[in-house]
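A short write-up of the structure that comes next.
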Amino acid sequence: MPGDPSFTFSVLHRICKLVVLLCFLHIAVAVVFYVRSFDFRLAFVQNQQSNNNISKSQNTDPVVSYGKVLEQPVKKLEKCPETSPLLVGPLKVEFNFTVDLELVKKENPNVQPGGRFKPKDCEALQKVAIIIAFRYREEHLKYWLYYLHPILQRQQLDYGVYVIKQDGNDTFNKCRLLNTGYAEALKEYDYNCFVFNDVDVIPMDDRNTYKCFSQPRHLGVYLDKFGFRLPYNGCFGGATSLSKEQYLKINGFPNNYWGWGGEDDDIYNRVVTKGMSISRPDSEIGKCRMIRHNRDKLNDPNPQRFDLLAHTQQTMDKDGINSLKTQVLSIQKFDLYTMITVDVGKP
Ligand code: BGN
């Protein structure tokens, strides 16, 4: 009965039992949660480790969802098609306006600093370094960037633009600049194809792909300046591409041509001496425009070119990329290109 001491005792006894039961329940729940969280932490650490390994080789991102680590299947890009579906064919190329590089930058938002690009949706077939020997021709370079960046992106190339500028005012040495560009570009990225483009030569058709072929390629073939014809069979100037292998086979370019002329013919000699031939696009696709200009100062026709050309076969194995001695003075990353300033020495 209420008020009876034995009744009070019995109630207290029950309450105590309930409290003890609740305590046990509490401990049990805590233990269960602790064990589960331990499992999760272990799984997380293991996954972190395995994802580190994967990301080194396959570039996978882990996905953590409600305490569980899910591994997403590797999203490896498919190779780009042999012929890009983005090409448009013949292009209008004119030089009667002023190029604003800020605008060019805005119109090419996917070009990365230093003039680098690779397609987002597929893996480019080739890694192409485009090397331009340069001095004094700022206006020409602007046209080149204006026209070429959109073309190269449509061609779905993984590419970088390297403008190699000769420092000082001594006689121009184009091949030393091109050889230096080859070596410097390779320090930056694992390029497997090299395009050597005169700053004033612009292709008039984006089907003229700036990549490498099974033979050294003449890209800047049919110039308006020569009535869109090849001036002579051994012509190999304006814009050319050589794979790393082809370039090394000919020991790069000759270092001793100072001033204008003959160096491209020497490169042609090297190519044929090593048993290769020139590949060219057809007469429509290979059309190019050249920006008209007066001859640069300190780039007069080289009187020694005839003599040098007569001895390519004897000199080429010891004069080339294996004997290049130039000094890089600076490397500047601009929005649309990398500029490398070089001391090429004196004649
Ligand atoms: C050639 C030049 C090339 C030049 C083309 C086109 C020579 C070597 C002496 C025979 N070759 O005559 O260097 O690219 O004209 O302009 O001068």
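The values are calculated or read from the model by the stated rules, or taken from the named source; none is laboratory data. Since the structure is predicted, the reported quantities are computational estimates derived from the model, not experimental observations. Cβ: placed from backbone, ideal geometry, glycine included. Neighbour counts: every protein chain shown. Ligands, DNA and RNA are stripped out before the accessible areas are found, and what is left, the full protein with its side chains, is counted by its heavy atoms. Shrake-Rupley method; radii C 1.70, N 1.55, O 1.52, S 1.80 Å.
Quick notes on this one:
- Gain in span if fully extended, ASP170 to GLU284, counting 0.36 nm per residue against the direct Cα distance: 37.2 nm
- Mean-position separation - Cα centroids, segment 291-316 and segment 225-283, in angstrom: 13
- FRET efficiency for the pair ASP190 and ALA28, taken as 1/(1 + (r/R0)^6) with r the Cβ-Cβ distance and R0 = 56 Å, rounds to 0.40.
- The simple spin-label model puts a point 7 Å past each Cα toward its Cβ; for LYS120 and GLN304 those points are separated by 5.2 nm.
- Among the protein heavy atoms, those of LEU86 account for about 90 Å² of accessible surface (1.4 Å probe, every chain in place).
- Cross-link pairs LYS244/LYS346; LYS106/LYS187; LYS244/LYS297; LYS165/LYS325; LYS174/LYS287; LYS287/LYS333 - those with Cα-Cα distance over 21 Å: LYS244/LYS346; LYS106/LYS187; LYS244/LYS297; LYS174/LYS287; LYS287/LYS333
- Residues in segment 126-165 reached by a label modelled at LEU86 [backbone nitrogen below 16 Å; 7 Å Cα→Cβ]: 126-128, 146-161
- Each Lys and Arg contributes +1 and each Asp and Glu -1, all at the Cβ; summed about the Cα centre of segment 249-316, the dipole is approximately 160 debye.
- Projected label distance in nm at GLU78 and ASP317, using a 7 Å step from Cα toward the beta-carbon: 4.8
- Accessible area per residue was computed with a 1.4 Å probe on protein heavy atoms; LYS76 scores about 150 Å².
- Carbon and sulfur %, accessible surface of segment 127-244 computed with the full protein complex present, 1.4 Å: 46
- Inter-label distance for GLU138 and ASN110, nm, one decimal - labels placed 7 Å from Cα along Cα-to-Cβ: 3.1
- With N as its number of residues, segment 101-343 has a Cα radius of gyration that, divided by 2.2 N^0.38 Å, comes to 0.94.
- Across GLU82, GLU138, the residue with the most accessible area heads the list, and the full order at a 1.4 Å probe is GLU82, GLU138.
- Segment LEU21-ARG295, length gained on full extension (0.36 nm per residue, minus Cα span): 88.6 nm
- Across the protein chains, with a 1.4 Å probe defining accessible surface, the residues VAL88, VAL271 rank VAL88, VAL271 from largest area downward.
- For the set TRP144, TRP260, solvent exposure ranked by accessible area (probe 1.4 Å, protein chains only) runs largest to smallest as TRP260, TRP144.
- Surface accessible to a 1.4 Å probe, CYS235 within the full protein complex, Å²: 20
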